[in-house]
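Asker: This is the structure I want to talk about, given as structure tokens.
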Amino acid sequence: MKSTNLPKRDENLLFKDISEIINKRRRQVSVAVNSNLILLYWEIGNRINSNILYNKRADYNKQIIVNLSNRLTALYGRGWDDKTLRHFLHSVETMSAEMTKYP
């Protein structure tokens with residue numbers, strides 16, 4: 001039976017090339033995920049902001065964020081507390097809608 005082992009030099013080169021491919025794709029995935037998370041947070045903040053501006057009542061606004069936080073947490077788990085939702089609202093103030101078109 002004939003040996004199919006690569007010479008050590010070729011094996012090392014193959015390993016290096018595959019490692020570079022994996023690292024490149026991991027970076028691309030990370031950038032894509034982060035971009036989409038930023039868009040998600042901005043869209044949530046924008047939607048909440050639209051609702052709050054429409055209703056213009058401070059007591060209602062605080063309660064709607066708390067209620068929304070409770071429901072989102074029940075459905076999706078932690079990470080949707082009222083402080084986080086207010087952070088999303090702040091992102092709408094600091095990032096224009098135009099910026100969200102370029103992920």
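The values are calculated or read from the model by the stated rules, or taken from the named source; none is laboratory data. It should be emphasised that the depicted structure is a prediction, and the values quoted were computed from it without experimental measurement. For neighbour counting, all protein chains shown are included, and Cβ atoms are generated from backbone atoms with ideal geometry for every residue, glycine included.
Asker: Would you check if Arg27 is without any contact (Cβ under 8 Å) to a residue 24 or more places away in the chain, within 19 Å of the chain's Cα centre (by Cα) and exposed (fewer than 11 other Cβ atoms within 10 Å of the Cβ)?
Answerer: Answer is yes for this residue.
Asker: Within region 34-78, how many residues turn out to be modelled with pLDDT of 95 or more and in a loop (DSSP other than H, G, I, E, B)?
Answerer: Going through region 34-78 one residue at a time, the tally reaches 2.
Asker: Consider Gln63 carefully, then state whether it is out of contact with any strand residue (DSSP E or B) (no Cβ under 6 Å at 6 or more places or on another chain), free of Cβ contacts under 8 Å to residues at least 40 places away in the same chain and more than 25 Å from Val92 (Cα to Cα).
Answerer: Judged against the criteria, Gln63 is not a match.
Asker: Please specify each residue of region 1-50 satisfying the condition of being under 24 Å from Asn61 (Cβ atoms) and either among the acidic types (Asp, Glu) or touching a Pro at 6+ places or on another chain (Cβ under 7 Å) (or both).
Answerer: Leu39, Glu43
Asker: A further question follows. I need the full set of residues from region 1-24 which are among the hydroxyl-bearing types (Ser, Thr, Tyr) and either within 14 Å of the chain's Cα centre (by Cα) or assigned to a helix (DSSP H, G or I) (or both), in order please.
Answerer: Answer for region 1-24, where residues must be among the hydroxyl-bearing types (Ser, Thr, Tyr) and either within 14 Å of the chain's Cα centre (by Cα) or assigned to a helix (DSSP H, G or I) (or both): just Ser19.
Asker: State all residues of region 79-92 that are assigned to a loop (DSSP other than H, G, I, E, B) and surrounded by 13 or more Cβ atoms within 10 Å (Cβ to Cβ); if no residue qualifies, say none.
Answerer: Trp80, Asp81, listed by residue number.
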